[in-house]
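Q: Here it is: the structure, laid out below.
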Amino acid sequence: MRIGFIGTGVMGSAMIKNLLKADFAVTVYNRTKEHAQAVIAAGATWANSPAEVASQSDVVITMVGFPKDVKGVYFGSKGIFKRFHAGQVLVDMTTSSPKLAQQIFVEGKKRGVEVLDAPVSGGDVGAQNATLTIMVGGLESTYQKMQPVFSVVGQSITYFGAAGAGQNAKMANQIMIAGTMIGMSEMLVYAKAANLDLEQVIKTVDNGGGQNWSLANYGPRVLKGDYRPGFYAKHFLKDLKIALDVADEMELNLPATELAKRLYDRMVNGAGLGNESTDGLVNIYHSWREDD
């Protein structure tokens, strides 16, 4: 099985390296070739466009930044659908719009190509350790066909239903994470103001009812001032906007998620911290920064 992988960011690069370790032949493309050098050095083959990747691959995986990037990769003048071949499997692992996932599925069906939306959760740690959670939408037969690939990069792999269902599951995941990231940030701000030992606070809360993934994985990074992006804050803001747009279509009111969107908008667009990790949210609180 020849795999094409489009998008060599923090997550994509780690996933590509795991595929290479499992002896898959991987052809890659990234908008900036410089950012693909690490995976090329690890054994991946470079292609000059998404179309060229598609022409050389049995399976094409995409993991890019925003829905507009997904649209360009699939439908652009040098996109996947310009050089597809019947029988291919296309898997978009970007966190993107459920409607766009459905559009790609319909286009693939017209052309004899199988399509899955399969966004992931687990951050850079999960990508590096091949323990990602993968949420899948599309045909169940295609989902079964992709198990040998998914099992190399992920640990929890769940089929949710028709095209777009994987993206909707990811939106549910992001809604949950939004709450835990706000909770972690405000817990740390409060504990610092109360002159508590922050390492002890993290250990104690993580062993009690407040235990959550964000705290266990990001809390220690925050104490070190390490905001290198495992997952960009600007991408998380994009996810929250998608979730709220879909919620509006379903006539749902999600006030906590709306609050999270406003806080991340302040971080990304107000404080200019969009290229930091999501845990950098704590830095919009003056009481966190004033003594640092």
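The values are calculated or read from the model by the stated rules, or taken from the named source; none is laboratory data. Just so it is clear, the structure is predicted and the values come from calculations on it, not from any experiment. Ideal geometry is used to build each Cβ from the backbone, glycine not excepted, and the neighbour counts take in all protein chains shown. Protein only, heavy atoms only, side chains kept; ligands, DNA and RNA dropped before computing areas. Shrake-Rupley method; radii C 1.70, N 1.55, O 1.52, S 1.80 Å.
Q: Kindly provide the set of residues from region 89-98 that are more than 18 Å from GLN144 (Cα to Cα) and either open to solvent by 40 Å² or more (accessible area, probe 1.4 Å) or not in a loop (DSSP other than H, G, I, E, B) (or both), ordered by number.
A: Of everything in region 89-98, just one residue is more than 18 Å from GLN144 (Cα to Cα) and either open to solvent by 40 Å² or more (accessible area, probe 1.4 Å) or not in a loop (DSSP other than H, G, I, E, B) (or both), namely PRO98.
Q: Can you give me the number of residues within region 193-212 that are open to solvent by 40 Å² or more (accessible area, probe 1.4 Å) and part of a helix (DSSP H, G or I)?
A: So the answer is 6.
Q: I've got another one for you. Would you check if TYR218 is of a type in the set (Ser, Thr, Tyr), open to solvent by 30 Å² or more (accessible area, probe 1.4 Å), under 22 Å from VAL268 (Cα atoms) and modelled with pLDDT under 95?
A: So TYR218 fails the test.
Q: Which one is nearest to the chain's Cα centre (by Cα) among residues in region 18-33 that are over 25 Å from GLY76 (Cβ atoms), touching a residue at least 60 places away in the same chain (Cβ under 8 Å) and buried (at least 16 other Cβ atoms within 10 Å of the Cβ)?
A: ASN18
Q: For region 178-191: of the residues being open to solvent by 40 Å² or more (accessible area, probe 1.4 Å) and in contact (Cβ under 8 Å) with a residue 60 or more places away in the chain, which is farthest from THR95 (Cα to Cα)?
A: GLU186
Q: Here is a follow-up. Let me confirm something: among LYS82, LYS33, LYS71, LYS78, which residue is touching a helix residue (DSSP H, G or I) at 6+ places or on another chain (Cβ under 9 Å) and under 29 Å from ASN129 (Cβ atoms)?
A: Of LYS82, LYS33, LYS71, LYS78, the one residue that is touching a helix residue (DSSP H, G or I) at 6+ places or on another chain (Cβ under 9 Å) and under 29 Å from ASN129 (Cβ atoms) is LYS33.
Q: Which of the following residues is open to solvent by 10 Å² or more (accessible area, probe 1.4 Å) and hydrophobic (A, V, I, L, M, F, W, C): VAL70, VAL64?
A: VAL64
Q: Now for a different question. Restricting the search to region 123-157, which residues are open to solvent by 20 Å² or more (accessible area, probe 1.4 Å), free of Cβ contacts under 8 Å to residues at least 40 places away in the same chain and in a helix (DSSP H, G or I)?
A: Correct list: ASN129, GLU140, SER141, TYR143, GLN144, GLN147, SER151.
Q: Report whether or not LYS82 is over 30 Å from THR257 (Cβ atoms), open to solvent by 20 Å² or more (accessible area, probe 1.4 Å) and among the basic types (Lys, Arg).
A: Answer is yes for this residue.
Q: Write out, first by first residue and then by second, each pair whose Cβ atoms fall under 7 Å of each other, whose residues are 6+ apart or on separate chains, and whose first residue, in region 269-289, is assigned to a strand (DSSP E or B) while the second is of a type in the set (A, V, I, L, M, F, W, C).
A: SER277/PHE231; SER277/ALA233
Q: Quick one: in region 228-262, of everything that is modelled with pLDDT of 95 or more and outside any helix (DSSP H, G or I), which residue is surrounded by the most Cβ atoms within 10 Å (Cβ to Cβ)?
A: Restricting to residues being modelled with pLDDT of 95 or more and outside any helix (DSSP H, G or I), the top hit is LEU254.
Q: Can you tell me which of ALA101, ALA36, ALA47 is over 21 Å from the mean Cα position of the chain (by Cα), open to solvent by less than 40 Å² (accessible area, probe 1.4 Å), under 30 Å from SER277 (Cα atoms) and of a type in the set (A, V, I, L, M, F, W, C)?
A: Result of the check over ALA101, ALA36, ALA47: ALA47.
Q: Would you call ALA42 within 24 Å of PHE231 (Cβ to Cβ), open to solvent by 30 Å² or more (accessible area, probe 1.4 Å) and out of contact with any Ser or Thr (no Cβ under 8 Å at 6 or more places or on another chain)?
A: yes
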